Amino acid sequence: MAYPTSIRIVDVSPRDGLQNVKQEVSTETKVALIHQLETAGVKDIEVASFVSPKWVPQMADASDVLNALDLKSSTNFTVLTPNAQGFERALACGVKEVAVFSAASESFTKKNTNCSIDESLKRIEDIIRPALDNNIRVRGYVSCVLGCPYDGDIPAEKVAYVTKTLIDMGCYEVSLGDTIGIGTPLKAKQMLEEVLKQTPAHQIGLHFHDTRGQALANLYACLEYGIASIDSSVAGLGGCPYAKGASGNVSTEDVVYMLHGMGIETGINLELLAKAGQYITHQIGVSNNSRIGNVLN
């Protein structure tokens, strides 16, 4: 076991961070945030979700956001496509990567997508096949890997099963989500060890929420297994509408500060990153949940 020398940061603030903001955030503001993240050196950004505006009004301008970006740039822009209809809309925008999601909890999957885990995997397969046929990369998400607001503890074997299934379908990477931020370092390591029995570390990402202040500790505990991909959100923005108490993602600024302090490269300028967090929180009128962001600003 050894720490990776570099980590790929996937900033999800334009999508996961903004999707539950009640007031409308303009397309211009979203695009400005994305450009500031790019300027700071973030090379992987989840920019939108092609979900029904009825369910997530904040993402109604997903096509407009994509059309305002240079999809031929070196930045990897990812969009969430929860169903085949969403994928078709994303395809029309010329995207190079989409994200799909399931969960390790039956109750969460039922409330989130109105189907069972296996049914959700079948729906995902209907997205992955045409995506790969169109040379579009697919990234997978598994929610509730360390606990569920409805089912409680989640067997690590179930997490491993869903993860391996997504990889076998064609996902190049699967991000493991502690959706309600309930995990602790030992539980995170035990879960990951089970997943790694079937899926190699280079195909695993981590998406840990900081609801109980444990995200950095959990990430640190998992790094020694060679995981080199972390999801985070500038200013700690975000949450899950289907998970009570899921207050927000771990802050990108805090993650980058920790990694740089460990001598792990990210390619990100922390000062410029903090300015992006300050910009978006000022624009939408919320507090900045990044400790490092607040120090630097």
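Each reported figure results from applying straightforward, stated rules to the coordinates on display, with no laboratory input. As the structure is a prediction and not an experimental result, all values here were calculated from the model. Note that each Cβ is placed from the backbone with ideal geometry, even for glycine, and that neighbours are counted across all protein chains shown.
The figures follow:
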{"read-out": "From phi via Karplus (6.51, -1.76, 1.60), per-residue ³J(HN,Hα) for region 113-121 in Hz, x at Gly/Pro", "value": "10, 6, 7, 7, 4, 5, 5, 5, 5"}
{"read-out": "Euclidean distance between Cα centres, region 179-198 to region 258-281, Å", "value": "25"}
{"read-out": "Positive-end residue, region 141-276 charge dipole about Cα centroid, Cβ charges, pick of Tyr257, Pro155, Gly267", "value": "Pro155"}
{"read-out": "Evaluated at q = 0.15, 0.32 Å⁻¹: base-10 log I(q)/I(0), Debye formula over Cα of region 167-216", "value": "-0.42, -1.23"}
{"read-out": "Between region 134-160 and region 9-87, the Cα center-to-center distance that results, in Å", "value": "22"}
{"read-out": "9 Å beta-carbon shell around Ala215, net charge (K/R +1, D/E -1)", "value": "-2"}
{"read-out": "Antiparallel content of DSSP bridges confined to region 8-296, in %, to 5", "value": "5"}
{"read-out": "Cβ-Cβ FRET estimate between Lys189 and Met262, R0 fixed at 25 Å, reported to 0.05", "value": "0.90"}
{"read-out": "Taking N as its residue count, the alpha carbon Rg of region 74-175 over 2.2 N^0.38 Å", "value": "1.06"}
{"read-out": "Average Cα contact separation per residue, the chain, under 8 Å, 6 or more apart, as relative contact order %", "value": "21"}
{"read-out": "Helix-only mean residue ellipticity at 222 nm for the chain, each DSSP H run of n ≥ 4 adding -39500 (n - 2.57), per residue, nearest 500", "value": "-12000 deg cm²/dmol"}
{"read-out": "In order through region 258-269: 3J(HN,Hα) via Karplus (6.51 cos²θ - 1.76 cosθ + 1.60), integer Hz, x for Gly, Pro", "value": "4, 5, 4, x, 8, x, 9, 7, 10, x, 10, 8"}
{"read-out": "Region 127-252: proportion of alpha-carbon pairs further apart than 24 angstrom, %", "value": "24"}
{"read-out": "In range of the label at Asn135: residues from region 62-102 whose backbone nitrogen is under 11 Å from the point 7 Å along Cα→Cβ", "value": "none"}
{"read-out": "Trypsin sites (Lys or Arg not before Pro) within region 198-297: DSSP coil, no more than 11 neighbouring Cβ in 10 Å", "value": "Lys244"}
{"read-out": "Global form of region 205-297, assessed from the alpha-carbon gyration tensor, a/c cut-off 1.5", "value": "oblate"}
{"read-out": "Protection proxy ranking of 56-69, 8-21 - average other beta-carbon atoms within 10 Å, highest first", "value": "8-21, 56-69"}
{"read-out": "Gln198/Thr39 FRET efficiency (R0 30 Å; Cβ-Cβ; nearest 0.05)", "value": "0.20"}
{"read-out": "Given charges at beta-carbon only (K, R positive; D, E negative), |dipole| of the chain in Debye", "value": "260"}
{"read-out": "Modelled FRET efficiency - R0 25 Å, Ala217 with Asn20, Cβ distances, 0.05 increments", "value": "0.50"}
{"read-out": "Highest-fluctuation residue, Ile264, Ile124, Ile180 considered, GNM on the chain with Cα pairs under 10 Å", "value": "Ile264"}
{"read-out": "Region 77-107 residues near the modelled Asn67 label - backbone nitrogen below 15 Å, point 7 Å along Cα→Cβ", "value": "89-95"}
